[in-house]
Amino acid sequence: MLWLCLGLMLICPGVIVVTSSDVRAEDSILVDKLKSTWRSQDGDTIEQIISKVAKVAHFVPRRWGVAQSNDGSEYAFFSWSKHRDDKAAEYAIIWKAAPDGTLKVDSPYAKPIELGWKAFALSLIASEIANGEKAVNLHFLHNPTNFNFVMTAQGRLGDLLRRGRCTIGDPIQVDYLQKVDEKESAHSSLWRALIVVNCNIPGPRYFTHGGVIIFEKAEGKTWDPQSFFAKRIATYPPGSWFDHADPEEQEALEPAKKTLQNDGGGQLRGAAP
């Protein structure tokens with residue numbers, strides 16, 4: 001997408017351009033189609049998402065536009081900045097028009113927007129922390145209900161964490177990435193939600209103090225638990241997370257258990273039935 005970022009004079013991942021452009025398309029058929037037909041997975045329109053995200057993140061809406069690549073592909077874009085006084089620096093969310101006319105987000109950093117406004121806002125706020133931004137909305141970032149876009153077999157993740165008496169700490173990641181399938185030497189794209197929690201419940205300390213929860217979702221698929229804690233949350237209801245032993249988990253976490261015991265960490269409650 002280098003050509004597009006340079007051509008529109010916008011900031012895209014890995015490319016920084018300090019000038020601006022007058023390319024506008026409020027009345028563009030492509031932009032109108034995007035506004036009227038594109039929906040996130042939770043049903044919001046792009047204009048609804050923009051309005052909601054602007055209230056919780058450093059996200060100042062700027063303008064709409066269109067572009068065309070050398071091969072004839074058409075793109076619609078929406079630009080935004082982190083602050084109102086950022087007159088030159090703008091970031092772009094880009095949609096590509098498929099041959100059948102459908103529009104799909106083509107900016108990897110912005111792919112969480114397809115999950116809904118909360119997922120996109122979380123991804124932006126987490127990146128603000130990583131980049132040393134001031135006045136970050138930590139309340140929104142650490143509110144468990146904002147993670148309800150992750151659906152498990154036991155229910156929505158945020159609701160499960162609240163019922164499990166868990167609070168969310170740092171780090172937090174909500175992003176879109178490519179994984180390499182080592183067996184097939186192929187790439188697959190997916191969303192990932194990673195959070196660290198402290199839970200005021202009996203259980204192994206490596207889960208209840210700084211426990212890592214990771215869920216991933218491939219396009220068209222359901223959310224899949226990746227970490228041991230995530231697997232327990234997806235398998236058992238709150239209150240029963242640690243009532244069953246997992247031989248694979250115990251083998252993998254044995255070094256951590258020994259370290260805690262050697263450091264006087266106390267008994268690891270709930271590690272076995």
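Miscellaneous remarks
- Boolean, Val150 is surrounded by 19 or more Cβ atoms within 10 Å (Cβ to Cβ) and touching a Phe, Trp or Tyr at 6+ places or on another chain (Cβ under 6 Å): yes
- Evaluation of Leu157 against (1) in contact with a Ser or Thr (Cβ under 9 Å, 6 or more places away or on another chain); (2) under 12 Å from Phe215 (Cβ atoms); (3) not acidic (Asp, Glu) (one fails), failing number: (1)
- Within the range 1-42, the set of residues being over 17 Å from Ala67 (Cβ atoms), among the small types (Gly, Ala, Ser) and either modelled with pLDDT of 95 or more or crowded, with 16+ Cβ neighbours inside 10 Å (or both) comprises Ser36, Ser40.
- Residues of the range 61-101 satisfying the condition of being at pLDDT 90 or above, out of contact with any Asp or Glu (no Cβ under 8 Å at 6 or more places or on another chain) and farther than 30 Å from Gly132 by Cβ: Ala76
- Residue that is surrounded by the fewest Cβ atoms within 10 Å (Cβ to Cβ), among those in the range 74-92 that are touching a residue at least 24 places away in the same chain (Cβ under 8 Å) and among the acidic types (Asp, Glu): Asp86
- Residues of the range 206-254 that turn out to be in contact with a helix residue (DSSP H, G or I) (Cβ under 9 Å, 6 or more places away or on another chain), of a type outside the set (Asp, Glu), more than 24 Å from Gly169 (Cα to Cα) and in a loop (DSSP other than H, G, I, E, B), as a count: 1
- Only one entry in Leu260, Leu194, Leu160 is modelled with pLDDT of 95 or more, farther than 22 Å from Tyr109 by Cα and either of a type outside the set (Asp, Glu) or out of contact with any strand residue (DSSP E or B) (no Cβ under 6 Å at 6 or more places or on another chain) (or both), namely Leu160.
- Members of the range 112-134 that are assigned to a loop (DSSP other than H, G, I, E, B) and free of Cβ contacts under 8 Å to residues at least 60 places away in the same chain: Asn131, Gly132, Lys134
The values are calculated or read from the model by the stated rules, or taken from the named source; none is laboratory data. What you see is a predicted model, and the numbers here were worked out from it, not measured in a lab. Using ideal geometry, Cβ is built from the backbone for each residue, glycine included, and neighbour counts are taken over all protein chains shown.
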